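This report refers to the structure that appears directly beneath it.
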Amino acid sequence: MSIRKFFRMLRIKKSISIDLGTANVLIYDRQREKIVLNEPSVVALDKKTRKVIAVGHDAREMLGKTPDSILAIKPLKDGVIADLDVTKEMLNYFITKIYGHAIFKPEVMICVPLEVTSVERKALFDSVIGAKKIYIIEEGRAAIIGSGIDISRPSGHMVVDIGGGSTDIAILSLNEVIASRSIRIAGNTFDNDIVRYIKNKYSLQIGERAAENIKKNLATALPKENPKKMPVKGLNIDLGTPESLEISENEIYEAMKNSLYAIVNTAKEVLEKCPPELAADLLENGIVMTGGGALIKGFADLIASEVRVKVFVSKAPLDAVVLGGGYAFDNQKLIKTLQVKEN
(Lines give C-alpha, C1' and ligand atoms only; values in the text may rest on other atoms or scores of the structure.)
Protein backbone atom coordinates (compact mmCIF):
# COMPACT_ATOMS: atom_id res chain seq x y z
CA MET A 1 0.00 0.00 0.00
CA SER A 2 1.35 3.45 -0.91
CA ILE A 3 1.83 6.16 1.74
CA ARG A 4 -0.70 8.35 -0.09
CA LYS A 5 -3.34 5.63 -0.06
CA PHE A 6 -2.67 4.92 3.61
CA PHE A 7 -3.25 8.55 4.64
CA ARG A 8 -6.33 8.74 2.40
CA MET A 9 -7.73 5.78 4.37
CA LEU A 10 -7.05 7.68 7.58
CA ARG A 11 -9.24 10.53 6.35
CA ILE A 12 -12.25 8.36 5.53
CA LYS A 13 -15.36 10.01 6.95
CA LYS A 14 -18.33 7.77 7.53
CA SER A 15 -21.78 8.24 8.96
CA ILE A 16 -23.60 4.96 9.37
CA SER A 17 -26.99 3.99 10.71
CA ILE A 18 -27.43 0.63 12.45
CA ASP A 19 -30.77 -1.08 12.95
CA LEU A 20 -29.71 -3.47 15.68
CA GLY A 21 -32.72 -5.74 15.42
CA THR A 22 -33.61 -8.91 17.26
CA ALA A 23 -33.95 -10.75 13.95
CA ASN A 24 -31.61 -8.84 11.62
CA VAL A 25 -28.86 -6.22 11.67
CA LEU A 26 -29.03 -3.61 8.90
CA ILE A 27 -26.38 -0.97 8.21
CA TYR A 28 -26.96 2.10 6.05
CA ASP A 29 -23.99 4.08 4.71
CA ARG A 30 -24.88 7.77 4.44
CA GLN A 31 -22.01 8.54 2.05
CA ARG A 32 -22.88 5.67 -0.31
CA GLU A 33 -26.60 6.35 0.20
CA LYS A 34 -27.47 2.67 0.40
CA ILE A 35 -27.92 -0.26 2.76
CA VAL A 36 -24.57 -2.04 2.83
CA LEU A 37 -25.47 -4.92 5.14
CA ASN A 38 -28.55 -6.98 6.01
CA GLU A 39 -27.77 -10.15 7.95
CA PRO A 40 -29.43 -12.22 10.70
CA SER A 41 -28.56 -11.27 14.30
CA VAL A 42 -27.13 -14.70 15.04
CA VAL A 43 -23.71 -15.78 16.30
CA ALA A 44 -22.33 -19.33 16.57
CA LEU A 45 -19.89 -19.90 19.44
CA ASP A 46 -17.66 -22.68 20.65
CA LYS A 47 -19.25 -23.59 23.99
CA LYS A 48 -15.96 -24.15 25.82
CA THR A 49 -13.84 -21.28 24.53
CA ARG A 50 -16.65 -18.83 23.60
CA LYS A 51 -14.74 -18.27 20.35
CA VAL A 52 -16.91 -17.03 17.48
CA ILE A 53 -17.29 -19.66 14.77
CA ALA A 54 -19.81 -17.98 12.45
CA VAL A 55 -21.88 -14.79 12.26
CA GLY A 56 -24.98 -13.73 10.32
CA HIS A 57 -26.26 -15.93 7.50
CA ASP A 58 -23.77 -18.72 8.21
CA ALA A 59 -24.68 -18.79 11.90
CA ARG A 60 -28.41 -18.72 11.19
CA GLU A 61 -28.09 -21.90 9.13
CA MET A 62 -26.86 -23.59 12.31
CA LEU A 63 -29.90 -22.68 14.46
CA GLY A 64 -31.41 -25.85 15.88
CA LYS A 65 -28.84 -28.01 14.10
CA THR A 66 -25.66 -27.59 16.15
CA PRO A 67 -23.78 -30.34 18.02
CA ASP A 68 -23.29 -30.02 21.76
CA SER A 69 -19.94 -28.30 21.27
CA ILE A 70 -21.42 -25.36 19.30
CA LEU A 71 -23.96 -22.81 20.52
CA ALA A 72 -25.93 -20.73 17.99
CA ILE A 73 -27.45 -17.74 19.78
CA LYS A 74 -29.22 -14.45 19.19
CA PRO A 75 -27.41 -11.84 21.32
CA LEU A 76 -30.39 -9.45 21.16
CA LYS A 77 -33.75 -10.04 22.78
CA ASP A 78 -36.90 -7.94 22.50
CA GLY A 79 -34.96 -5.30 20.58
CA VAL A 80 -32.25 -4.80 23.22
CA ILE A 81 -28.88 -6.36 24.01
CA ALA A 82 -29.00 -9.59 25.99
CA ASP A 83 -25.29 -10.46 25.61
CA LEU A 84 -23.04 -7.39 25.30
CA ASP A 85 -19.76 -9.19 24.55
CA VAL A 86 -21.25 -11.25 21.73
CA THR A 87 -23.06 -8.19 20.34
CA LYS A 88 -19.74 -6.30 20.21
CA GLU A 89 -18.11 -9.17 18.34
CA MET A 90 -21.03 -9.42 15.93
CA LEU A 91 -20.99 -5.69 15.12
CA ASN A 92 -17.21 -5.63 14.77
CA TYR A 93 -17.45 -8.58 12.37
CA PHE A 94 -20.12 -6.88 10.25
CA ILE A 95 -18.32 -3.52 10.08
CA THR A 96 -15.03 -5.21 9.17
CA LYS A 97 -16.87 -7.25 6.53
CA ILE A 98 -18.08 -4.05 4.86
CA TYR A 99 -15.12 -1.73 5.28
CA GLY A 100 -12.21 -4.09 5.81
CA HIS A 101 -9.57 -2.79 8.19
CA ALA A 102 -9.71 0.83 7.02
CA ILE A 103 -8.83 3.20 9.86
CA PHE A 104 -11.72 5.57 10.53
CA LYS A 105 -13.92 6.69 13.39
CA PRO A 106 -17.47 6.87 12.06
CA GLU A 107 -20.48 8.70 13.39
CA VAL A 108 -22.97 6.00 14.28
CA MET A 109 -26.74 6.26 14.64
CA ILE A 110 -28.20 3.32 16.58
CA CYS A 111 -31.93 2.70 16.25
CA VAL A 112 -33.56 1.40 19.46
CA PRO A 113 -37.06 0.64 20.82
CA LEU A 114 -38.91 3.63 22.24
CA GLU A 115 -38.87 2.50 25.86
CA VAL A 116 -35.36 1.27 26.64
CA THR A 117 -33.95 1.66 30.13
CA SER A 118 -30.86 3.69 31.01
CA VAL A 119 -28.95 0.43 31.52
CA GLU A 120 -30.02 -0.80 28.08
CA ARG A 121 -28.99 2.53 26.53
CA LYS A 122 -25.54 2.26 28.11
CA ALA A 123 -25.16 -1.25 26.69
CA LEU A 124 -26.09 0.08 23.25
CA PHE A 125 -23.50 2.86 23.50
CA ASP A 126 -20.90 0.29 24.61
CA SER A 127 -21.73 -2.12 21.76
CA VAL A 128 -20.01 0.02 19.09
CA ILE A 129 -16.23 0.07 19.26
CA GLY A 130 -14.14 2.89 17.77
CA ALA A 131 -16.90 5.36 16.85
CA LYS A 132 -16.30 9.12 16.93
CA LYS A 133 -19.88 9.84 17.99
CA ILE A 134 -22.75 7.53 18.79
CA TYR A 135 -26.33 8.77 18.60
CA ILE A 136 -29.42 6.90 19.76
CA ILE A 137 -32.70 7.40 17.92
CA GLU A 138 -36.00 5.72 18.71
CA GLU A 139 -37.13 3.19 16.09
CA GLY A 140 -40.52 4.88 15.84
CA ARG A 141 -38.93 8.20 14.84
CA ALA A 142 -36.48 6.53 12.48
CA ALA A 143 -39.19 4.39 10.85
CA ILE A 144 -41.43 7.32 9.98
CA ILE A 145 -38.51 9.39 8.65
CA GLY A 146 -37.39 6.39 6.58
CA SER A 147 -40.89 6.18 5.12
CA GLY A 148 -40.36 9.60 3.55
CA ILE A 149 -42.45 11.60 6.00
CA ASP A 150 -41.29 15.06 7.12
CA ILE A 151 -41.83 15.21 10.89
CA SER A 152 -40.15 18.62 11.27
CA ARG A 153 -43.41 20.44 10.49
CA PRO A 154 -46.14 21.26 13.06
CA SER A 155 -48.34 18.40 11.86
CA GLY A 156 -49.20 15.11 13.54
CA HIS A 157 -48.07 11.77 12.13
CA MET A 158 -48.37 8.27 13.59
CA VAL A 159 -46.29 5.14 13.06
CA VAL A 160 -46.74 1.48 14.00
CA ASP A 161 -43.35 -0.21 13.66
CA ILE A 162 -43.54 -4.00 14.16
CA GLY A 163 -40.04 -5.43 14.34
CA GLY A 164 -38.70 -8.77 15.47
CA GLY A 165 -38.55 -8.14 19.21
CA SER A 166 -40.73 -5.11 19.85
CA THR A 167 -43.52 -3.01 18.40
CA ASP A 168 -43.11 0.76 18.63
CA ILE A 169 -46.16 2.99 18.25
CA ALA A 170 -45.74 6.76 18.28
CA ILE A 171 -47.35 10.06 17.38
CA LEU A 172 -44.82 12.68 16.24
CA SER A 173 -44.70 16.37 15.42
CA LEU A 174 -41.91 18.98 15.14
CA ASN A 175 -39.26 16.21 15.27
CA GLU A 176 -40.43 15.08 18.71
CA VAL A 177 -42.37 12.09 20.03
CA ILE A 178 -45.68 13.40 21.40
CA ALA A 179 -47.14 10.10 22.64
CA SER A 180 -45.80 6.57 22.42
CA ARG A 181 -45.78 2.96 23.64
CA SER A 182 -43.32 0.16 23.07
CA ILE A 183 -44.40 -3.43 23.71
CA ARG A 184 -42.43 -6.67 23.52
CA ILE A 185 -44.96 -8.26 21.17
CA ALA A 186 -43.73 -8.52 17.59
CA GLY A 187 -42.39 -10.93 14.96
CA ASN A 188 -40.75 -13.34 17.41
CA THR A 189 -43.97 -13.45 19.43
CA PHE A 190 -45.87 -14.49 16.30
CA ASP A 191 -43.33 -17.27 15.70
CA ASN A 192 -43.79 -18.53 19.26
CA ASP A 193 -47.58 -18.35 18.87
CA ILE A 194 -47.35 -20.60 15.81
CA VAL A 195 -45.02 -23.10 17.52
CA ARG A 196 -47.32 -23.30 20.55
CA TYR A 197 -50.53 -23.63 18.49
CA ILE A 198 -49.21 -26.49 16.34
CA LYS A 199 -47.80 -28.27 19.39
CA ASN A 200 -51.07 -27.99 21.34
CA LYS A 201 -53.39 -28.88 18.45
CA TYR A 202 -51.36 -31.53 16.64
CA SER A 203 -48.71 -32.64 19.16
CA LEU A 204 -46.20 -31.62 16.53
CA GLN A 205 -43.02 -29.85 17.59
CA ILE A 206 -41.60 -27.51 14.95
CA GLY A 207 -38.51 -25.32 15.00
CA GLU A 208 -38.07 -21.57 15.01
CA ARG A 209 -37.16 -21.38 11.32
CA ALA A 210 -40.16 -23.52 10.34
CA ALA A 211 -42.48 -21.21 12.30
CA GLU A 212 -40.98 -18.15 10.61
CA ASN A 213 -41.52 -19.75 7.19
CA ILE A 214 -45.15 -20.49 8.04
CA LYS A 215 -45.62 -16.89 9.18
CA LYS A 216 -44.20 -15.51 5.94
CA ASN A 217 -46.47 -17.70 3.83
CA LEU A 218 -49.70 -17.96 5.81
CA ALA A 219 -49.90 -15.15 8.38
CA THR A 220 -53.13 -13.16 8.10
CA ALA A 221 -54.83 -10.68 10.43
CA LEU A 222 -58.28 -11.48 9.01
CA PRO A 223 -59.93 -14.88 8.48
CA LYS A 224 -60.15 -16.06 4.86
CA GLU A 225 -63.09 -17.66 3.04
CA ASN A 226 -60.76 -19.84 0.97
CA PRO A 227 -57.63 -20.14 3.08
CA LYS A 228 -54.33 -21.24 1.59
CA LYS A 229 -52.61 -24.31 3.02
CA MET A 230 -49.03 -25.50 3.23
CA PRO A 231 -47.26 -28.62 4.50
CA VAL A 232 -45.55 -28.53 7.90
CA LYS A 233 -42.93 -31.01 9.07
CA GLY A 234 -41.83 -31.66 12.61
CA LEU A 235 -41.53 -34.18 15.42
CA ASN A 236 -44.63 -35.88 16.80
CA ILE A 237 -44.04 -35.55 20.54
CA ASP A 238 -46.44 -38.42 21.38
CA LEU A 239 -44.89 -40.94 19.01
CA GLY A 240 -41.37 -39.57 18.90
CA THR A 241 -41.32 -39.83 15.11
CA PRO A 242 -41.12 -37.29 12.25
CA GLU A 243 -44.49 -36.27 10.81
CA SER A 244 -45.89 -34.02 8.08
CA LEU A 245 -49.31 -32.35 7.99
CA GLU A 246 -51.10 -29.44 6.33
CA ILE A 247 -51.98 -26.20 8.07
CA SER A 248 -54.14 -23.32 6.82
CA GLU A 249 -54.14 -19.52 6.92
CA ASN A 250 -57.14 -19.49 9.24
CA GLU A 251 -55.34 -21.72 11.74
CA ILE A 252 -52.40 -19.32 11.75
CA TYR A 253 -54.86 -16.46 12.27
CA GLU A 254 -56.18 -18.30 15.35
CA ALA A 255 -52.63 -18.85 16.57
CA MET A 256 -51.66 -15.18 16.25
CA LYS A 257 -54.99 -13.46 16.99
CA ASN A 258 -54.31 -12.49 20.61
CA SER A 259 -50.93 -10.98 19.76
CA LEU A 260 -52.35 -9.10 16.77
CA TYR A 261 -55.09 -7.56 18.91
CA ALA A 262 -52.58 -6.66 21.62
CA ILE A 263 -50.88 -4.43 19.04
CA VAL A 264 -54.24 -3.01 17.92
CA ASN A 265 -55.19 -2.19 21.52
CA THR A 266 -51.83 -0.52 22.13
CA ALA A 267 -52.42 1.66 19.06
CA LYS A 268 -55.76 2.69 20.58
CA GLU A 269 -54.04 3.58 23.87
CA VAL A 270 -51.54 5.81 22.07
CA LEU A 271 -54.34 7.52 20.12
CA GLU A 272 -56.14 8.26 23.38
CA LYS A 273 -53.08 10.32 24.43
CA CYS A 274 -53.13 12.35 21.21
CA PRO A 275 -53.70 16.11 21.75
CA PRO A 276 -56.91 17.31 20.04
CA GLU A 277 -54.94 19.65 17.75
CA LEU A 278 -53.07 16.69 16.27
CA ALA A 279 -56.04 14.32 16.03
CA ALA A 280 -57.36 16.14 12.95
CA ASP A 281 -53.91 15.81 11.35
CA LEU A 282 -53.98 12.04 11.87
CA LEU A 283 -57.33 11.77 10.12
CA GLU A 284 -55.74 13.56 7.17
CA ASN A 285 -52.27 11.96 7.25
CA GLY A 286 -53.22 8.46 8.39
CA ILE A 287 -51.02 5.90 10.12
CA VAL A 288 -47.90 4.41 8.53
CA MET A 289 -46.97 0.78 9.24
CA THR A 290 -43.37 -0.41 9.07
CA GLY A 291 -41.33 -3.48 10.01
CA GLY A 292 -41.82 -7.10 9.06
CA GLY A 293 -45.19 -7.25 10.82
CA ALA A 294 -46.54 -4.67 8.36
CA LEU A 295 -46.38 -7.40 5.69
CA ILE A 296 -48.94 -9.61 7.45
CA LYS A 297 -51.91 -9.83 5.13
CA GLY A 298 -54.86 -7.72 6.25
CA PHE A 299 -53.11 -6.21 9.28
CA ALA A 300 -53.33 -2.64 7.97
CA ASP A 301 -57.05 -3.18 7.26
CA LEU A 302 -57.61 -4.61 10.76
CA ILE A 303 -55.98 -1.61 12.46
CA ALA A 304 -57.84 0.85 10.21
CA SER A 305 -61.20 -0.73 11.04
CA GLU A 306 -60.48 -0.76 14.78
CA VAL A 307 -59.06 2.77 15.20
CA ARG A 308 -61.07 4.44 12.39
CA VAL A 309 -58.02 6.07 10.83
CA LYS A 310 -56.66 5.16 7.41
CA VAL A 311 -53.56 2.99 7.51
CA PHE A 312 -50.96 2.43 4.82
CA VAL A 313 -47.81 0.32 4.63
CA SER A 314 -44.46 2.02 4.08
CA LYS A 315 -42.92 1.55 0.61
CA ALA A 316 -39.90 -0.14 2.23
CA PRO A 317 -41.25 -1.52 5.52
CA LEU A 318 -38.25 -3.75 6.26
CA ASP A 319 -35.72 -0.97 5.63
CA ALA A 320 -37.57 2.08 6.98
CA VAL A 321 -35.85 2.14 10.39
CA VAL A 322 -32.26 1.96 9.16
CA LEU A 323 -32.99 4.41 6.31
CA GLY A 324 -34.55 6.86 8.76
CA GLY A 325 -31.53 6.59 11.02
CA GLY A 326 -29.34 7.51 8.07
CA TYR A 327 -31.55 10.38 6.94
CA ALA A 328 -31.55 11.77 10.50
CA PHE A 329 -27.93 12.91 10.03
CA ASP A 330 -29.25 15.57 7.63
CA ASN A 331 -31.72 17.04 10.14
CA GLN A 332 -29.67 19.19 12.53
CA LYS A 333 -32.68 20.19 14.63
CA LEU A 334 -33.54 16.53 15.17
CA ILE A 335 -29.91 15.63 15.89
CA LYS A 336 -29.93 18.11 18.80
CA THR A 337 -32.82 16.20 20.42
CA LEU A 338 -30.93 12.86 20.46
CA GLN A 339 -28.84 11.32 23.20
CA VAL A 340 -25.20 11.28 22.10
CA LYS A 341 -21.89 9.86 23.32
CA GLU A 342 -18.60 11.29 22.06
CA ASN A 343 -15.34 9.34 22.13
Counting only residues that are within 19 Å of residue 78 (Cα to Cα) and either of a type in the set (Ser, Thr, Tyr) or more than 20 Å from the chain's Cα centre (by Cα) (or both), segment 96-118 contains a total of 2
Counting only helices (runs of 4 or more DSSP H) entirely within segment 266-343, those with at least 2 residues that are under 24 Å from residue 22 (Cα atoms) are 299-307, 320-327
Every listed condition ((1) part of a loop (DSSP other than H, G, I, E, B); (2) touching a strand residue (DSSP E or B) at 6+ places or on another chain (Cβ under 9 Å); (3) surrounded by fewer than 24 Cβ atoms within 10 Å (Cβ to Cβ)) holds for residue 129 save (2)
Note on segment 196-214: residues in contact with a Leu (Cβ under 7 Å, 6 or more places away or on another chain), surrounded by fewer than 16 Cβ atoms within 10 Å (Cβ to Cβ) and not in a helix (DSSP H, G or I) are 205
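Within segment 1-86, considering only strands (runs of 3 or more DSSP E) that don't extend past its boundaries, which have at least 1 residues that are surrounded by fewer than 19 Cβ atoms within 10 Å (Cβ to Cβ), modelled with pLDDT of 90 or more and among the basic types (Lys, Arg)? Show your work before the answer.
Working: elements: 15-20, 24-29, 34-40, 43-46, 52-55, 70-73.
Answer list for segment 1-86: 34-40.
Pick from 134, 98, 129: which is in the same structural domain as residue 335 (by the TED database), closer than 27 Å to residue 167 by Cα, out of contact with any His (no Cβ under 8 Å at 6 or more places or on another chain) and not hydroxyl-bearing (Ser, Thr, Tyr)? Please lay out each step first, then the result.
Details: 98 fails: closer than 27 Å to residue 167 by Cα; 129 fails: closer than 27 Å to residue 167 by Cα.
One residue alone meets the criteria, 134.
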In segment 142-154, residues that are within 21 Å of residue 315 (Cα to Cα), touching a Leu at 6+ places or on another chain (Cβ under 8 Å) and at pLDDT below 95 total 2
Of the residues in segment 244-266, those that are farther than 17 Å from residue 213 by Cβ and open to solvent by 20 Å² or more (accessible area, probe 1.4 Å) come to 250, 254, 257, 258, 261, 262, 265
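Kindly indicate which of 171, 151, 185, 136 is open to solvent by less than 10 Å² (accessible area, probe 1.4 Å), in a loop (DSSP other than H, G, I, E, B), among the β-branched types (Val, Ile, Thr) and under 30 Å from residue 272 (Cβ atoms).
Working: 171 fails: in a loop (DSSP other than H, G, I, E, B); 185 fails: open to solvent by less than 10 Å² (accessible area, probe 1.4 Å); 136 fails: in a loop (DSSP other than H, G, I, E, B).
Of the residues listed, the single one that is open to solvent by less than 10 Å² (accessible area, probe 1.4 Å), in a loop (DSSP other than H, G, I, E, B), among the β-branched types (Val, Ile, Thr) and under 30 Å from residue 272 (Cβ atoms) is 151.
The values are calculated or read from the model by the stated rules, or taken from the named source; none is laboratory data. In this text, all values refer to a predicted model and were calculated from it rather than measured experimentally. Glycine gets a Cβ as well: all are built from the backbone with ideal geometry, and neighbour counts include every protein chain shown. To get the accessible areas, we keep the full protein, side chains included, count just its heavy atoms, and leave off ligands, DNA and RNA. Shrake-Rupley method; radii C 1.70, N 1.55, O 1.52, S 1.80 Å.
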